[in-house]
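The values are calculated or read from the model by the stated rules, or taken from the named source; none is laboratory data. Quantities reported herein were computed from a predicted structural model and do not represent experimental measurements. Quick reminder, even Gly has a Cβ in these numbers, built from the backbone with ideal geometry, and neighbours come from all protein chains shown. Only protein heavy atoms, including side chains, enter the accessible area calculation; ligands, DNA and RNA are left aside. Shrake-Rupley method; radii C 1.70, N 1.55, O 1.52, S 1.80 Å.
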Amino acid sequence: MKFFQVGPVIHGCETFKEFVEEFEVDSNDLVLSNHYIYEPLLKDVDPKCHVIYQEEFGSGEPTDVMVAEIMKEVDKIDYNRMIAIGGGAVMDIAKILVLKRTESIDDLYADPKNVVKEKPLIAVPTTAGTGSEITNVAVMNRTKMNLKMGIQTQDMFADYAVLIPQMLDTVPYKLYANTTVDALIHAVEAFISKNWTPFTEMFAIHAIKLILKGYINVRDNGPDARFETNMDSMLASTYAGLAFCTSGCGTVHACSFAFGGKYHVPHGEACYQFFIETLRYFQKHDPEGRIKKLDALLCKFLDAESDGIGALETLLDQVAPLEKMSEYGAKEKDIAAFAKATYDNQQRLLKNNAYPIYEEGLAEIFKARL
Ligand SMILES: [Fe+2]
(Lines give C-alpha, C1' and ligand atoms only; values in the text may rest on other atoms or scores of the structure.)
Protein backbone atom coordinates (compact mmCIF):
# COMPACT_ATOMS: atom_id res chain seq x y z
CA MET A 1 0.00 0.00 0.00
CA LYS A 2 1.33 3.41 -0.97
CA PHE A 3 1.50 5.55 2.17
CA PHE A 4 2.43 8.92 0.80
CA GLN A 5 3.82 10.73 -2.19
CA VAL A 6 5.29 14.19 -2.56
CA GLY A 7 6.20 15.31 -6.09
CA PRO A 8 7.55 18.85 -5.99
CA VAL A 9 10.10 20.34 -3.64
CA ILE A 10 8.16 22.83 -1.49
CA HIS A 11 9.48 26.32 -0.82
CA GLY A 12 8.04 29.26 1.10
CA CYS A 13 8.83 32.90 0.35
CA GLU A 14 7.36 35.97 2.04
CA THR A 15 7.14 37.98 -1.18
CA PHE A 16 7.36 37.68 -4.95
CA LYS A 17 10.63 39.64 -4.83
CA GLU A 18 12.12 37.06 -2.48
CA PHE A 19 10.99 34.30 -4.85
CA VAL A 20 12.60 35.98 -7.89
CA GLU A 21 15.89 36.24 -6.01
CA GLU A 22 15.80 32.72 -4.54
CA PHE A 23 15.01 31.10 -7.89
CA GLU A 24 17.13 33.50 -9.97
CA VAL A 25 14.24 34.15 -12.33
CA ASP A 26 15.38 35.81 -15.56
CA SER A 27 14.88 36.01 -19.32
CA ASN A 28 15.35 32.24 -19.68
CA ASP A 29 12.06 31.73 -17.88
CA LEU A 30 8.53 31.80 -19.23
CA VAL A 31 5.76 32.91 -16.88
CA LEU A 32 2.17 31.84 -17.42
CA SER A 33 -0.15 34.07 -15.43
CA ASN A 34 -3.04 36.55 -15.56
CA HIS A 35 -2.70 40.33 -16.11
CA TYR A 36 -4.42 41.20 -12.83
CA ILE A 37 -2.12 38.89 -10.88
CA TYR A 38 1.25 39.37 -12.53
CA GLU A 39 1.37 43.08 -13.39
CA PRO A 40 0.97 44.36 -9.80
CA LEU A 41 3.86 42.10 -8.74
CA LEU A 42 6.21 43.83 -11.16
CA LYS A 43 6.22 47.09 -9.20
CA ASP A 44 8.62 45.54 -6.66
CA VAL A 45 10.76 43.53 -9.04
CA ASP A 46 10.71 42.82 -12.77
CA PRO A 47 12.62 39.65 -13.65
CA LYS A 48 12.35 40.49 -17.40
CA CYS A 49 11.17 37.02 -18.28
CA HIS A 50 8.79 36.01 -21.07
CA VAL A 51 5.13 36.24 -20.09
CA ILE A 52 1.97 34.71 -21.49
CA TYR A 53 -1.41 35.71 -20.10
CA GLN A 54 -4.03 32.98 -19.97
CA GLU A 55 -7.03 35.27 -20.47
CA GLU A 56 -5.75 36.36 -23.90
CA PHE A 57 -6.72 32.88 -25.06
CA GLY A 58 -10.21 32.77 -23.58
CA SER A 59 -11.90 33.37 -20.27
CA GLY A 60 -12.85 31.01 -17.48
CA GLU A 61 -11.61 27.57 -16.68
CA PRO A 62 -9.25 25.74 -19.05
CA THR A 63 -10.52 23.95 -22.15
CA ASP A 64 -8.61 21.75 -24.57
CA VAL A 65 -9.11 24.42 -27.26
CA MET A 66 -7.63 27.14 -25.01
CA VAL A 67 -4.65 24.97 -24.08
CA ALA A 68 -3.96 24.15 -27.74
CA GLU A 69 -3.97 27.88 -28.60
CA ILE A 70 -1.61 28.76 -25.74
CA MET A 71 0.63 25.88 -26.80
CA LYS A 72 1.09 27.43 -30.26
CA GLU A 73 2.23 30.69 -28.65
CA VAL A 74 4.52 28.96 -26.14
CA ASP A 75 6.21 27.01 -28.92
CA LYS A 76 7.36 30.27 -30.52
CA ILE A 77 9.34 31.16 -27.38
CA ASP A 78 12.82 29.98 -26.47
CA TYR A 79 12.83 29.30 -22.72
CA ASN A 80 14.28 26.84 -20.20
CA ARG A 81 11.80 26.83 -17.34
CA MET A 82 8.10 27.53 -16.99
CA ILE A 83 6.71 29.38 -13.97
CA ALA A 84 2.96 29.18 -13.40
CA ILE A 85 1.72 32.06 -11.24
CA GLY A 86 -2.01 31.80 -10.73
CA GLY A 87 -4.92 29.75 -9.53
CA GLY A 88 -5.72 26.17 -10.44
CA ALA A 89 -6.47 27.00 -14.07
CA VAL A 90 -3.06 28.54 -14.72
CA MET A 91 -1.19 25.78 -12.90
CA ASP A 92 -3.18 23.04 -14.67
CA ILE A 93 -2.55 24.60 -18.09
CA ALA A 94 1.16 24.96 -17.34
CA LYS A 95 1.40 21.27 -16.42
CA ILE A 96 0.25 20.44 -19.94
CA LEU A 97 2.38 23.09 -21.67
CA VAL A 98 5.62 21.57 -20.31
CA LEU A 99 4.80 18.17 -21.80
CA LYS A 100 6.24 16.70 -24.97
CA ARG A 101 3.95 17.61 -27.87
CA THR A 102 1.42 15.09 -29.19
CA GLU A 103 -0.83 15.22 -32.25
CA SER A 104 -3.68 16.56 -30.14
CA ILE A 105 -4.69 17.10 -26.51
CA ASP A 106 -6.97 14.06 -26.85
CA ASP A 107 -3.84 11.88 -27.17
CA LEU A 108 -2.87 12.81 -23.62
CA TYR A 109 -6.14 11.38 -22.37
CA ALA A 110 -5.94 8.36 -24.65
CA ASP A 111 -2.76 6.87 -23.21
CA PRO A 112 -0.76 7.87 -20.08
CA LYS A 113 2.42 6.92 -21.96
CA ASN A 114 1.88 10.01 -24.11
CA VAL A 115 2.27 12.21 -21.02
CA VAL A 116 6.00 12.98 -20.92
CA LYS A 117 7.39 16.08 -19.22
CA GLU A 118 10.02 18.04 -21.17
CA LYS A 119 10.58 21.29 -19.26
CA PRO A 120 10.87 22.05 -15.53
CA LEU A 121 7.85 23.67 -13.93
CA ILE A 122 7.63 25.96 -10.88
CA ALA A 123 4.09 26.33 -9.53
CA VAL A 124 3.25 29.46 -7.54
CA PRO A 125 -0.36 29.39 -6.32
CA THR A 126 -2.16 32.70 -5.96
CA THR A 127 -5.24 31.21 -4.33
CA ALA A 128 -5.41 28.84 -1.39
CA GLY A 129 -7.56 26.21 -2.97
CA THR A 130 -6.75 23.75 -5.69
CA GLY A 131 -3.55 22.31 -4.30
CA SER A 132 -2.57 21.96 -7.95
CA GLU A 133 0.96 23.11 -7.08
CA ILE A 134 1.46 19.83 -5.25
CA THR A 135 -0.67 17.33 -7.17
CA ASN A 136 -0.10 15.35 -10.33
CA VAL A 137 -3.42 16.13 -11.95
CA ALA A 138 -4.57 18.74 -14.45
CA VAL A 139 -8.23 19.25 -15.23
CA MET A 140 -9.72 20.88 -18.31
CA ASN A 141 -12.99 20.94 -20.15
CA ARG A 142 -12.97 18.60 -23.14
CA THR A 143 -15.06 20.68 -25.46
CA LYS A 144 -16.22 17.85 -27.74
CA MET A 145 -17.65 16.04 -24.70
CA ASN A 146 -18.61 19.19 -22.76
CA LEU A 147 -17.09 17.55 -19.72
CA LYS A 148 -14.29 18.36 -17.32
CA MET A 149 -11.77 15.55 -17.06
CA GLY A 150 -8.42 15.19 -15.34
CA ILE A 151 -5.11 13.86 -16.62
CA GLN A 152 -3.19 12.23 -13.79
CA THR A 153 0.27 10.72 -14.13
CA GLN A 154 3.67 11.00 -12.48
CA ASP A 155 4.84 13.47 -15.15
CA MET A 156 2.12 15.93 -14.19
CA PHE A 157 3.94 16.96 -11.01
CA ALA A 158 5.54 20.41 -10.94
CA ASP A 159 9.20 20.40 -9.91
CA TYR A 160 8.78 23.13 -7.30
CA ALA A 161 5.80 24.46 -5.39
CA VAL A 162 6.40 27.90 -3.92
CA LEU A 163 4.06 29.29 -1.27
CA ILE A 164 3.97 33.09 -1.11
CA PRO A 165 1.37 34.49 1.32
CA GLN A 166 1.61 37.94 -0.33
CA MET A 167 -0.29 36.41 -3.28
CA LEU A 168 -3.47 36.28 -1.17
CA ASP A 169 -3.38 40.01 -0.32
CA THR A 170 -5.52 40.90 -3.34
CA VAL A 171 -7.87 37.90 -3.47
CA PRO A 172 -11.52 39.09 -3.37
CA TYR A 173 -13.74 37.62 -0.68
CA LYS A 174 -15.83 35.42 -2.98
CA LEU A 175 -12.71 33.89 -4.47
CA TYR A 176 -11.30 33.33 -0.99
CA ALA A 177 -14.49 31.50 -0.02
CA ASN A 178 -14.70 29.41 -3.19
CA THR A 179 -11.07 28.38 -3.16
CA THR A 180 -10.66 27.62 0.53
CA VAL A 181 -13.83 25.53 0.44
CA ASP A 182 -12.24 23.54 -2.40
CA ALA A 183 -9.20 22.93 -0.18
CA LEU A 184 -11.47 21.95 2.69
CA ILE A 185 -13.24 19.47 0.42
CA HIS A 186 -9.90 18.02 -0.72
CA ALA A 187 -8.96 17.43 2.90
CA VAL A 188 -12.35 15.94 3.81
CA GLU A 189 -12.51 13.69 0.74
CA ALA A 190 -8.95 12.51 1.43
CA PHE A 191 -9.92 11.84 5.04
CA ILE A 192 -12.95 9.67 4.14
CA SER A 193 -11.30 8.06 1.10
CA LYS A 194 -10.88 4.29 1.22
CA ASN A 195 -7.21 4.96 0.37
CA TRP A 196 -6.52 7.06 3.45
CA THR A 197 -3.20 6.40 5.18
CA PRO A 198 -1.74 7.65 8.46
CA PHE A 199 0.16 10.28 6.46
CA THR A 200 -2.79 11.57 4.47
CA GLU A 201 -4.92 11.57 7.59
CA MET A 202 -2.41 13.74 9.41
CA PHE A 203 -2.25 16.31 6.61
CA ALA A 204 -6.03 16.23 6.07
CA ILE A 205 -6.78 16.82 9.76
CA HIS A 206 -4.39 19.73 9.95
CA ALA A 207 -5.78 21.27 6.74
CA ILE A 208 -9.36 20.98 8.05
CA LYS A 209 -8.34 22.53 11.36
CA LEU A 210 -6.60 25.53 9.76
CA ILE A 211 -9.38 26.25 7.26
CA LEU A 212 -12.13 26.04 9.87
CA LYS A 213 -10.12 28.30 12.19
CA GLY A 214 -9.90 30.83 9.37
CA TYR A 215 -13.68 30.60 8.74
CA ILE A 216 -14.47 31.12 12.42
CA ASN A 217 -12.20 34.18 12.39
CA VAL A 218 -14.03 35.55 9.34
CA ARG A 219 -17.45 34.80 10.86
CA ASP A 220 -16.54 36.58 14.10
CA ASN A 221 -14.44 39.45 12.76
CA GLY A 222 -15.62 40.09 9.21
CA PRO A 223 -14.32 39.26 5.72
CA ASP A 224 -11.08 41.26 5.99
CA ALA A 225 -9.99 39.05 8.88
CA ARG A 226 -9.08 36.49 6.20
CA PHE A 227 -5.84 38.36 5.48
CA GLU A 228 -4.60 37.67 9.01
CA THR A 229 -4.34 33.99 8.15
CA ASN A 230 -2.87 34.14 4.63
CA MET A 231 0.03 31.78 5.36
CA ASP A 232 -2.27 29.37 7.21
CA SER A 233 -4.60 29.34 4.20
CA MET A 234 -1.68 28.65 1.83
CA LEU A 235 -0.37 25.88 4.07
CA ALA A 236 -3.83 24.35 4.51
CA SER A 237 -4.40 24.22 0.77
CA THR A 238 -1.02 22.54 0.24
CA TYR A 239 -1.59 20.11 3.13
CA ALA A 240 -4.94 19.21 1.60
CA GLY A 241 -3.24 18.77 -1.78
CA LEU A 242 -0.67 16.46 -0.21
CA ALA A 243 -3.47 14.43 1.40
CA PHE A 244 -5.60 13.98 -1.71
CA CYS A 245 -2.62 13.45 -3.98
CA THR A 246 -2.23 10.03 -2.33
CA SER A 247 -5.76 9.27 -1.09
CA GLY A 248 -7.67 10.82 -3.96
CA CYS A 249 -10.83 12.88 -3.94
CA GLY A 250 -14.23 11.27 -4.36
CA THR A 251 -17.92 11.87 -4.94
CA VAL A 252 -18.01 15.61 -4.29
CA HIS A 253 -15.43 16.28 -6.97
CA ALA A 254 -16.94 13.68 -9.30
CA CYS A 255 -20.35 15.39 -9.11
CA SER A 256 -18.87 18.85 -9.59
CA PHE A 257 -17.57 18.24 -13.08
CA ALA A 258 -20.83 17.58 -14.96
CA PHE A 259 -22.56 20.54 -13.29
CA GLY A 260 -19.54 22.89 -13.45
CA GLY A 261 -18.84 21.97 -17.07
CA LYS A 262 -22.39 22.55 -18.28
CA TYR A 263 -23.17 25.73 -16.35
CA HIS A 264 -19.62 27.15 -16.30
CA VAL A 265 -19.39 27.23 -12.53
CA PRO A 266 -15.89 27.76 -11.08
CA HIS A 267 -14.39 24.61 -9.63
CA GLY A 268 -14.59 25.36 -5.89
CA GLU A 269 -18.10 26.73 -6.19
CA ALA A 270 -19.21 23.65 -8.12
CA CYS A 271 -17.69 21.32 -5.51
CA TYR A 272 -19.26 23.28 -2.65
CA GLN A 273 -22.65 22.58 -4.23
CA PHE A 274 -22.37 18.85 -3.45
CA PHE A 275 -20.23 18.91 -0.32
CA ILE A 276 -22.67 18.61 2.57
CA GLU A 277 -25.15 16.53 0.58
CA THR A 278 -22.47 13.93 -0.19
CA LEU A 279 -21.43 13.74 3.46
CA ARG A 280 -25.08 13.26 4.43
CA TYR A 281 -25.39 10.51 1.80
CA PHE A 282 -22.50 8.55 3.31
CA GLN A 283 -23.76 9.22 6.81
CA LYS A 284 -27.11 7.69 5.79
CA HIS A 285 -25.74 4.69 3.89
CA ASP A 286 -22.49 3.95 5.71
CA PRO A 287 -22.92 5.45 9.20
CA GLU A 288 -20.16 3.39 10.80
CA GLY A 289 -17.56 4.24 8.14
CA ARG A 290 -14.93 6.98 8.08
CA ILE A 291 -17.75 9.51 8.05
CA LYS A 292 -18.31 8.79 11.75
CA LYS A 293 -14.73 9.74 12.54
CA LEU A 294 -15.06 12.84 10.38
CA ASP A 295 -18.19 13.89 12.22
CA ALA A 296 -16.39 13.52 15.56
CA LEU A 297 -13.47 15.57 14.25
CA LEU A 298 -15.81 18.33 13.09
CA CYS A 299 -17.52 18.31 16.49
CA LYS A 300 -14.12 18.87 18.10
CA PHE A 301 -13.04 21.69 15.78
CA LEU A 302 -16.43 23.41 15.79
CA ASP A 303 -17.19 22.94 19.45
CA ALA A 304 -20.38 21.00 18.74
CA GLU A 305 -21.75 18.30 21.04
CA SER A 306 -23.10 16.26 18.13
CA ASP A 307 -23.75 16.48 14.38
CA GLY A 308 -20.40 17.91 13.35
CA ILE A 309 -21.54 17.88 9.71
CA GLY A 310 -24.52 20.05 10.67
CA ALA A 311 -22.17 22.45 12.51
CA LEU A 312 -19.99 22.58 9.40
CA GLU A 313 -23.02 23.36 7.23
CA THR A 314 -24.01 26.21 9.56
CA LEU A 315 -20.52 27.70 9.56
CA LEU A 316 -20.21 27.44 5.77
CA ASP A 317 -23.58 29.11 5.37
CA GLN A 318 -22.38 31.99 7.55
CA VAL A 319 -19.20 32.59 5.56
CA ALA A 320 -20.46 31.63 2.07
CA PRO A 321 -24.22 31.13 1.61
CA LEU A 322 -24.97 28.41 -0.92
CA GLU A 323 -27.44 28.66 -3.81
CA LYS A 324 -29.27 25.70 -5.32
CA MET A 325 -28.29 24.29 -8.75
CA SER A 326 -31.50 25.70 -10.25
CA GLU A 327 -30.19 29.22 -9.53
CA TYR A 328 -27.47 28.48 -12.07
CA GLY A 329 -30.05 27.33 -14.62
CA ALA A 330 -30.07 23.57 -13.89
CA LYS A 331 -33.29 21.73 -14.74
CA GLU A 332 -34.98 18.51 -13.62
CA LYS A 333 -33.79 16.74 -16.78
CA ASP A 334 -30.17 17.46 -15.84
CA ILE A 335 -30.35 15.09 -12.86
CA ALA A 336 -30.34 11.80 -14.79
CA ALA A 337 -27.88 13.17 -17.37
CA PHE A 338 -25.48 14.42 -14.68
CA ALA A 339 -25.72 11.14 -12.75
CA LYS A 340 -24.96 9.10 -15.88
CA ALA A 341 -22.11 11.37 -17.03
CA THR A 342 -20.61 11.31 -13.54
CA TYR A 343 -20.84 7.53 -13.22
CA ASP A 344 -19.53 6.91 -16.75
CA ASN A 345 -16.69 9.44 -16.73
CA GLN A 346 -15.52 10.00 -13.17
CA GLN A 347 -14.51 6.52 -12.02
CA ARG A 348 -11.03 7.99 -11.48
CA LEU A 349 -12.60 9.69 -8.44
CA LEU A 350 -15.53 7.42 -7.57
CA LYS A 351 -13.20 4.45 -7.12
CA ASN A 352 -11.81 6.19 -4.02
CA ASN A 353 -15.13 6.03 -2.16
CA ALA A 354 -15.09 3.84 0.91
CA TYR A 355 -18.75 3.07 0.24
CA PRO A 356 -19.60 2.42 -3.41
CA ILE A 357 -21.94 4.82 -5.14
CA TYR A 358 -23.81 4.15 -8.38
CA GLU A 359 -25.92 6.19 -10.79
CA GLU A 360 -28.91 6.00 -8.49
CA GLY A 361 -27.01 7.36 -5.51
CA LEU A 362 -25.47 10.13 -7.60
CA ALA A 363 -28.95 11.08 -8.84
CA GLU A 364 -30.06 11.28 -5.21
CA ILE A 365 -27.33 13.83 -4.48
CA PHE A 366 -28.02 15.87 -7.64
CA LYS A 367 -31.75 15.84 -6.96
CA ALA A 368 -31.31 17.15 -3.43
CA ARG A 369 -29.32 20.08 -4.80
CA LEU A 370 -31.76 21.09 -7.57
FE1 LIG B 1 -10.84 20.55 -6.09
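Of all the numbered requirements in (1) more than 16 Å from the ligand (Cβ to nearest atom); (2) part of a loop (DSSP other than H, G, I, E, B); (3) among the hydroxyl-bearing types (S, T, Y), Y109 misses one, and that requirement is (2).
Tell me, please, whether a residue that is touching a residue at least 24 places away in the same chain (Cβ under 8 Å), within 22 Å of L184 (Cβ to Cβ) and either open to solvent by less than 50 Å² (accessible area, probe 1.4 Å) or assigned to a helix (DSSP H, G or I) (or both) can be found in region 331-339. There is no residue in region 331-339 that is touching a residue at least 24 places away in the same chain (Cβ under 8 Å), within 22 Å of L184 (Cβ to Cβ) and either open to solvent by less than 50 Å² (accessible area, probe 1.4 Å) or assigned to a helix (DSSP H, G or I) (or both).
For region 54-76, the condition of being surrounded by 12 or more Cβ atoms within 10 Å (Cβ to Cβ), more than 20 Å from R348 (Cβ to Cβ) and either among the hydroxyl-bearing types (S, T, Y) or in the same structural domain as A270 (by TED's automatic domain parsing) (or both) holds for none of the residues. With the requirement that a residue be part of a loop (DSSP other than H, G, I, E, B) and within 19 Å of the chain's Cα centre (by Cα), what does region 5-39 give you? The answer is Q5, V6, G7, P8, N34.
For beta carbons closer than 8 Å, sequence separation of 6+ or different chains, a first residue in region 25-46 that is among the hydroxyl-bearing types (S, T, Y) and a second that is surrounded by 20 or more Cβ atoms within 10 Å (Cβ to Cβ) and part of a helix (DSSP H, G or I), the qualifying pairs are S33/Q54; S33/V90. Candidates are the residues of region 88-106 that are of a type outside the set (A, V, I, L, M), closer than 22 Å to H186 by Cα and open to solvent by 10 Å² or more (accessible area, probe 1.4 Å); the one that is farthest from the ligand (Cβ to nearest atom) is D92. Is it the case that L175 is in a helix (DSSP H, G or I), open to solvent by 50 Å² or more (accessible area, probe 1.4 Å) and within 16 Å of the ligand (Cβ to nearest atom)? Considered against the rule, which asks whether it is in a helix (DSSP H, G or I), open to solvent by 50 Å² or more (accessible area, probe 1.4 Å) and within 16 Å of the ligand (Cβ to nearest atom), L175 comes out as yes. In this structure, does Y38 turn out to be aromatic (F, W, Y), out of contact with any His (no Cβ under 8 Å at 6 or more places or on another chain), buried (at least 18 other Cβ atoms within 10 Å of the Cβ) and not assigned by TED's automatic domain parsing to the domain that holds A190? So Y38 passes the test. Only residues that are over 15 Å from F257 (Cβ atoms) and aromatic (F, W, Y) were counted in region 340-370, giving 2.
Name the residue that is nearest to G261 (Cα to Cα), counting only residues in region 120-143 that are assigned to a strand (DSSP E or B) and at pLDDT 95 or above. Only one residue tops the list, namely P125. Can we say I85 is part of a helix (DSSP H, G or I), touching a Pro at 6+ places or on another chain (Cβ under 9 Å), touching a residue at least 24 places away in the same chain (Cβ under 8 Å) and open to solvent by less than 10 Å² (accessible area, probe 1.4 Å)? No: the conditions fail for I85.
The sole residue among I192, I216, I208 that is surrounded by fewer than 24 Cβ atoms within 10 Å (Cβ to Cβ) and either farther than 22 Å from M91 by Cβ or modelled with pLDDT under 95 (or both) is I216. Look at region 249-261: where a residue is near the ligand (Cβ under 8 Å from one of its atoms) and a partner is aromatic (F, W, Y), sitting 6+ places away or on another chain with Cβ atoms under 9 Å, you get H253/F244; H253/F274; S256/Y272; S256/F274.
Scanning region 262-277 for residues being hydrophobic (A, V, I, L, M, F, W, C) and either open to solvent by 10 Å² or more (accessible area, probe 1.4 Å) or near the ligand (Cβ under 10 Å from one of its atoms) (or both) gives a total of 3. If the condition is being open to solvent by less than 40 Å² (accessible area, probe 1.4 Å) and touching an Asp or Glu at 6+ places or on another chain (Cβ under 8 Å), then region 278-310 contributes Y281, D295, C299, G308, I309.
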